[in-house]
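Shown next, in structure tokens, is the structure this report addresses.
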Amino acid sequence: MKKIKNITCIGAGYVGGPTMSVIAQKNPDIKVTVVDLNAARIAAWNHEDLSKLPVYEPGLDEVVKEARGRNLFFSTDVDRAIDEADMIFISVNTPTKTYGKGKGQAADLKYIELCARQIARVAKNDKIVVEKSTLPVRTAEALKSILHNTGNGVKFHILSNPEFLAEGTAIQDLHHPDRVLIGGENPEAIQTLVDIYAVWVPKENIITTNLWSSELSKLVANAFLAQRVSSINAISELCEVTGADVNEVAYAIGKDSRIGPKFLKASVGFGGSCFQKDILNLVYIARSYNLNKVADYWEQVIIMNDHQKERFADKIIKTLYNTVNGKNIAFLGWAFKKDTNDTRESAAIYVADHLLEEEAFITVYDPKVSAEQIYADLDYLGTRSPEENRRLVKVVNDPYEACQQAHAVAVLTEWDEFKTYDWQRIYDNMYKPAFVFDGRNILDKSVLENIGLVYQGIGK
Ligand code: UDX
Ligand code: ADP
């Protein structure tokens, strides 16, 4: 198989953008073109001012600066990029279905299918097609079927190469991956992709498997990680009634090398584009094979997570004398975790929704999330009208303004800057008693209590 000279990636999102930027950075002799239907997104990727890139990721601007215009290009001309490519990554979104069979659980593959049909229509020579999005197991089969049955008689090799980067640390994860996983059937096609990664990833960290193992591993990795978070969150509730401290418990159990310390931080609940979607997918797949016990087992991880978000909102209501009606709640953070502007499935959205049902006023400050995004997230829920969301929720650019005349402050994201605020100043401008609900256990309880704030963390 000939050496890869041109790579195209369809989908310029949180996965496609950073991943292709690093592949281009590390392989200066390969031309990498990232395409997207969304012209505004492509324009942002091409923006001269690197702070305007559509994805916020520490270190991404440096990588883009190095490679863009050299061998990294962003474009809306999908057909042309497909035509030129030797290898095509599919990095389009695969949201949970919101309609029809599998609604609320199965992954919606319509974007993948559209891509496959477009590739089949345009391709005039043999190509390697790489699944990069998180997909249900056996999507490669569907992909193969469409490509082989609708193409122009050219040959396609399908590979699965799931992405394991976590947002907020994407560049670090891409530069030093724990492993790269490549699944496929054709050894030569697999090798061409191995060669691209081997430029900077040690060979022993590049794992090759069959297609289905690769696809399934991605779902399972996310399910295991999410399960740890739900497990510690379940224990946080127990700690709150027994007087144990969840941080101490997590530390103590994490010292056992068989358990390990990571992903044991109790929180207001996990969010992000992957965990919930992938588990729902796993559950759906298990049920479709009639493995109901397996499905129930994994579904519990989601049930626990929903409970944790609701419990946090309920705690605020209960502590504020059983009513938040007309009260001001300041939200510090809206993103699903720190160091990202991504808000997909963020716990903040659901906590806000719950409090708004109780007719609270919410003022949000997040260092990286725009007001437009916050309103879009709330409107998407469809719980109340867009006008009502704008009447009840205010978004500000200054944390002190957010906390001004608040009855309570709720920390929803673990942004580092929240720890260094002038909490005396925040306290002075709040209604008394002034409550802080720390959904991430990042603030110093004793410092806050000395100031006079009433502090409640998770699992303490
Ligand atoms: C995840 C996987 O980690 C990554 O490998 C995969 O490619 C995509 O999905 P991501 O969603 O970006 O990455 O972030 P992650 O760091 O996994 O956090 C997910 C959620 O869990 C966040 O809301 C985070 O705040 C929460 N979390 C994580 C906790 O509440 N406690 C923890 O201990 C760890
Ligand atoms: P992820 O987190 O998986 O990267 P995103 O939603 O951030 O998901 O990005 C997926 C991108 O894929 C979006 O920018 C969307 O416009 C793009 N996309 C979806 N379908 C197509 C398609 N058929 N052709 C080109 N781009 C597409």
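Which of the residues belonging to region 428-460 are more than 25 Å from LYS265 (Cβ to Cβ) and in contact with a strand residue (DSSP E or B) (Cβ under 9 Å, 6 or more places away or on another chain)?
MET430, TYR431, PRO433, ALA434
What are the residues in region 415-436 that are within 25 Å of THR340 (Cβ to Cβ) and among the aliphatic types (A, V, I, L, M), if any?
The answer is ILE426, VAL436.
Can you pull out the residues in region 263-293 that are on the phi > 0 side of the Ramachandran plot and within 16 Å of ligand 2 (Cβ to nearest atom)?
GLY272
Taking region 12-44 as the search range and keeping residues that are in contact (Cβ under 8 Å) with a residue 24 or more places away in the chain and small (Gly, Ala, Ser), which one is farthest from ligand 2 (Cβ to nearest atom)?
ALA24
For region 227-278, which residues satisfy the criterion of being among the acidic types (Asp, Glu) and under 22 Å from ASP306 (Cβ atoms)?
GLU237, GLU240, ASP278
Note down all Cβ pairs under 6 Å where the first residue falls in region 205-222 and is of a type outside the set (Asp, Glu), the second is assigned to a helix (DSSP H, G or I) and more than 16 Å from ligand 2 (Cβ to nearest atom), and they're at least six residues apart or on different chains.
ILE206/VAL194; ILE206/TYR197; THR208/ILE190; LEU211/ALA140; LEU219/LEU282
For region 313-331, give me each residue that is in contact (Cβ under 8 Å) with a residue 24 or more places away in the chain, among the hydroxyl-bearing types (Ser, Thr, Tyr) and in a loop (DSSP other than H, G, I, E, B).
Answer for region 313-331, where residues must be in contact (Cβ under 8 Å) with a residue 24 or more places away in the chain, among the hydroxyl-bearing types (Ser, Thr, Tyr) and in a loop (DSSP other than H, G, I, E, B): just THR323.
What do you reckon, is ILE112 more than 16 Å from ligand 1 (Cβ to nearest atom) and under 17 Å from LYS218 (Cβ atoms)?
Yes, satisfied.
Filter region 252-268 down to the residues that are of a type outside the set (D, E, K, R) and loosely packed, with under 13 Cβ neighbours inside 10 Å, then identify the one that is nearest to GLU237 (Cα to Cα).
ALA252
Only one of THR192, THR134, THR209 is farther than 22 Å from GLY17 by Cα and either within 15 Å of ligand 2 (Cβ to nearest atom) or over 18 Å from the mean Cα position of the chain (by Cα) (or both); which?
Going through THR192, THR134, THR209 in turn, the sole match is THR209.
At least 2 residues that are of a type in the set (Asp, Glu) and surrounded by fewer than 20 Cβ atoms within 10 Å (Cβ to Cβ) in each: list the helices (runs of 4 or more DSSP H) lying fully within region 1-111 that qualify.
Passing ranges, in order: 60-67, 78-84.
Looking only at region 373-386, decide whether some residue is surrounded by 20 or more Cβ atoms within 10 Å (Cβ to Cβ), touching a Leu at 6+ places or on another chain (Cβ under 9 Å) and over 22 Å from GLU167 (Cβ atoms).
no
Since every read-out is calculated from the coordinates, none of them should be taken as a lab result. Values in this document were obtained by computation on a predicted structure and should not be read as measured data. We place every Cβ from the backbone using ideal geometry, glycine too, and count neighbours over all the protein chains shown.
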